[in-house]
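**Q** Sharing a structure with you now.
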Amino acid sequence: MASRLQQSTLKLVNLARTQGLQTALQHATNAIAWHVVPSRREFARNLVQESELARKFDQLHGVDTAGESPLTDVGVPPEKAARGNGLYRGIWPRLFHAALRESRLPLERFTFVDYGSGKGKALMLASAYAFRRIVGMEFAPGLHEVAVRNLRGYRSPQQRCFTMDAVCADALDWEPPAEPLLCFFFNPFDDPTMERVITRVARSWRHAPRDIYLLYVNVRDVREQARVFERHSALTLVGRSRHSLLTKVTAGR
Ligand SMILES: C[S@@+](CC[C@H](N)C(=O)[O-])C[C@H]1O[C@@H](n2cnc3c(N)ncnc32)[C@H](O)[C@@H]1O
């Protein structure tokens, strides 16, 4: 305990020397918050449990989705990585299934699209539902390659949708297919990028009006980004819980 405290203090002193006192203080405040703010403590506890479950999922299905990767380690330039929230983390299955259940949508009518599909975890989980087809789009080449391998090897007795594709593309350039869509977002973008992606989806709706739903999931609380969806003039709110937010495109832009 004493040596951990000593190490942390040394780290802070070093940070203050190299990056300034303000950065060091921000770092210290953040570190303390993980121990005292109840929602952060809950998140940290869940993270440990879910990491273990992710390893079991990988073993069971012969895939590789567990762990976290800074986007700069998987082929994304720093300025783009910052727009993409900086980190790959696979979706937690219980939140994914709860969000789909709460949507009450007739899923067989929709193509499932994962915006920022990482290593394909949400794509594999979505395949347990009878979607028309499943598409994932990911801009980090290092993650996309793993997703392609995972989809090729994935086997599950629960699988009901067998048409799954992963594409390597930036969500800001990617044209959504002209089909009824359930677009899934597991915290992939910062606010301005999310706003631009929603506008792009709405433009696609204007060119080809059809049912398009946006399902946003956040493992801490959707409050972190709900306002971007709720304030967008192209969207109408359908449902909201702590971890998921469902909106429908009702106007083009
Ligand atoms: C939190 S991870 C979610 C991974 C996956 N959806 C899942 O649920 O397991 C967010 C992903 O979004 C990707 N991403 C961020 N910005 C992107 C963009 N502009 N275009 C495509 N992918 C992006 C990141 O590289 C990362 O893999």
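The values are calculated or read from the model by the stated rules, or taken from the named source; none is laboratory data. None of these values were measured; they are calculated from a predicted model. Heads up, the Cβs are rebuilt from the backbone with ideal geometry, glycines too, and the neighbour counts pull from every protein chain shown. Heads up: the accessible areas ignore ligands, DNA and RNA and are worked out on the full protein's heavy atoms, side chains in. Shrake-Rupley method; radii C 1.70, N 1.55, O 1.52, S 1.80 Å.
**Q** Looking only at segment 162-176, count every residue that is within 16 Å of the ligand (Cβ to nearest atom) and part of a loop (DSSP other than H, G, I, E, B) and tell me the total.
**A** To start, the set of residues in segment 162-176 that are within 16 Å of the ligand (Cβ to nearest atom) comprises 164-176.
Right, trim to part of a loop (DSSP other than H, G, I, E, B) and you get 169-176.
Total meeting the criteria: 8.
**Q** Yes or no: PRO93 within 14 Å of the ligand (Cβ to nearest atom), modelled with pLDDT of 90 or more and assigned by TED's automatic domain parsing to the domain that holds PRO141?
**A** Spelling it out, PRO93 is indeed within 14 Å of the ligand (Cβ to nearest atom), modelled with pLDDT of 90 or more and assigned by TED's automatic domain parsing to the domain that holds PRO141.
**Q** While we're looking at this one, here's another question. Is there a residue in segment 189-196 that is in a loop (DSSP other than H, G, I, E, B) and either at pLDDT 95 or above or open to solvent by 40 Å² or more (accessible area, probe 1.4 Å) (or both)? Give the steps one after another, and end with the answer.
**A** Applying the first criterion (in a loop (DSSP other than H, G, I, E, B)) to segment 189-196 yields 189-190.
Checking which are either at pLDDT 95 or above or open to solvent by 40 Å² or more (accessible area, probe 1.4 Å) (or both) leaves us with 189-190.
Yes, the conditions are met somewhere in segment 189-196.
**Q** Return the residues of segment 51-73 that are in a helix (DSSP H, G or I) and within 18 Å of ALA140 (Cα to Cα); say none if nothing qualifies.
**A** LEU71, THR72, ASP73, listed by residue number.
**Q** OK, next. How many of the residues in segment 179-219 are polar (S, T, N, Q) and more than 30 Å from ARG40 (Cβ to Cβ)?
**A** Matching residues across segment 179-219 total 2.
**Q** Separate question: Being touching a Ser or Thr at 6+ places or on another chain (Cβ under 7 Å), open to solvent by less than 90 Å² (accessible area, probe 1.4 Å) and not acidic (Asp, Glu) narrows it down to one residue among ALA44, ALA66; which is it?
**A** None of the other options fit; the residue is ALA66.
**Q** A further question on this structure: Here is a list of conditions, (1) part of a helix (DSSP H, G or I); (2) crowded, with 18+ Cβ neighbours inside 10 Å; (3) not assigned by TED's automatic domain parsing to the domain that holds ALA171, and VAL76 meets all of them except one; can you say which number that is?
**A** That leaves (1) as the condition not met.
**Q** Working carefully through the options SER117, SER103, find the one that is modelled with pLDDT of 95 or more and near the ligand (Cβ under 10 Å from one of its atoms).
**A** Just one listed residue meets the conditions, SER117.
**Q** Now, a different point. Between a first residue in segment 111-125 that is assigned by TED's automatic domain parsing to the domain that holds PRO93 and a second residue that is in a helix (DSSP H, G or I) and within 6 Å of the ligand (Cβ to nearest atom), which pairs have beta carbons less than 6 Å apart while being 6 or more apart in sequence or on different chains?
**A** Final answer for the pair search is ASP114/ALA122; GLY118/LEU143; LYS119/LEU143.
**Q** Next up: As an exercise: evaluate GLY239 against (1) farther than 18 Å from PHE112 by Cβ; (2) more than 13 Å from the ligand (Cβ to nearest atom) and give the number of the one condition it does not meet.
**A** With (1) farther than 18 Å from PHE112 by Cβ; (2) more than 13 Å from the ligand (Cβ to nearest atom) applied to GLY239, the lone miss is (1).
**Q** For segment 16-37, does any single residue satisfy the condition of being within 30 Å of PRO93 (Cα to Cα), touching a residue at least 60 places away in the same chain (Cβ under 8 Å) and open to solvent by 50 Å² or more (accessible area, probe 1.4 Å)?
**A** Among the residues of segment 16-37, not one is within 30 Å of PRO93 (Cα to Cα), touching a residue at least 60 places away in the same chain (Cβ under 8 Å) and open to solvent by 50 Å² or more (accessible area, probe 1.4 Å), which makes the answer no.
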